[in-house]
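Below you'll find the structure, written out as structure tokens, and then a few comments.
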Number of protein chains: 2
Amino acid sequence: MANNLQQVMVAISDPTRRAIIGRLAHGPARISDVAAKFPMSLTGVCKHVRILERAGLVRRTRHGRENTLQLHAEPLRDVAKWVSGYERFWNSRLDRLERFFASKKEQSNS
Amino acid sequence: MANNLQQVMVAISDPTRRAIIGRLAHGPARISDVAAKFPMSLTGVCKHVRILERAGLVRRTRHGRENTLQLHAEPLRDVAKWVSGYERFWNSRLDRLERFFASKKEQSNS
């Protein structure tokens with residue numbers, strides 16, 4: 001699990017790979033259609049897709065010469081879990097800010 | 001903001017940097033104390049710390065020759081936001097699994 005978190009973290013650390021994930025969130029797509037959206041070669045896009053596949057984020061189905069890609073977002077749950085461990089830091093800071101502005105408002109009202 | 005998300009994503013894509021974040025979640029620490037926990041040189045740890053600093057995840061305070069590091073977890077909120085955009089995928093899958101097991105249970109009860 002921890003090992004897969006590492007692969008997933010590396011996979012999503014690239015903007016092109018995050019954009020591919022974003023594209024596939026709308027539904028399965030042929031690799032050539034996905035590639036057409038990026039200013040890079042098909043080979044370049046295929047390399048990114050392979051990294052996403054190895055991280056378990058994308059599944060490829062071969063139909064003869066066509067490759068269809070499908071998003072498999074479950075591994076992102078580990079990322080959500082990891083990051084939620086730090087939620088209390090920004091929440092507590094927001095709480096402090098809220099209290100600060102609430103006290104400012106009270107002062108200006110009195 | 002999108003640019004900072006990229007820096008943050010790269011920063012957290014490394015297991016040592018995630019471990020440094022984990023250490024600093026317990027409270028501020030001297031860089032030498034943090035470094036002592038990792039099987040790498042102080043220089044190596046300092047490089048990781050600089051990447052965390054540039055991503056806005058760690059703040060360094062200099063006290064003479066001592067460097068104290070403090071976690072600044074707010075930038076992780078952008079990661080949480082990005083990943084939450086895909087939550088519906090694993091939730092809907094969990095929902096399907098739940099319905100599947102519920103129907104199995106009903107079948108075995110009837």
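The values are calculated or read from the model by the stated rules, or taken from the named source; none is laboratory data. These numbers come from a predicted model, not from an experiment. Because the Cβ atoms are built from the backbone with ideal geometry, glycine has one as well, and the counts that use them run over all protein chains shown. Calculation scope for accessible area: heavy atoms of the full protein, side chains included, ligands and nucleic acids excluded. Shrake-Rupley method; radii C 1.70, N 1.55, O 1.52, S 1.80 Å.
Return yes or no: is B:Thr16 of a type in the set (Val, Ile, Thr), under 22 Å from A:Arg17 (Cβ atoms) and either at pLDDT below 95 or out of contact with any Cys (no Cβ under 7 Å at 6 or more places or on another chain) (or both)?
Criteria met by B:Thr16.
What are the residues in segment A:3-27 that are more than 13 Å from A:Pro75 (Cβ to Cβ) and without any contact (Cβ under 8 Å) to a residue 12 or more places away in the chain, if any?
Once the filter is applied, which keeps residues that are more than 13 Å from A:Pro75 (Cβ to Cβ) and without any contact (Cβ under 8 Å) to a residue 12 or more places away in the chain, segment A:3-27 yields A:Ser13, A:Pro15, A:Arg18, A:Gly22, A:His26, A:Gly27.
Could you name every one of the helices (runs of 4 or more DSSP H) located completely within segment A:19-91 that has at least 2 residues being open to solvent by less than 70 Å² (accessible area, probe 1.4 Å), away from chain B (no Cβ under 14 Å) and among the aliphatic types (A, V, I, L, M)? Walk me through how you get there before you give the answer.
Working: elements: A:31-35, A:42-54, A:76-84.
In segment A:19-91, A:31-35, A:42-54 are the helices (runs of 4 or more DSSP H) which contain 2 or more residues that are open to solvent by less than 70 Å² (accessible area, probe 1.4 Å), away from chain B (no Cβ under 14 Å) and among the aliphatic types (A, V, I, L, M).
Would a scan of segment A:71-81 turn up a residue that is over 17 Å from B:Trp90 (Cα atoms) and of a type outside the set (Asp, Glu)?
Within segment A:71-81, none of the residues are over 17 Å from B:Trp90 (Cα atoms) and of a type outside the set (Asp, Glu).
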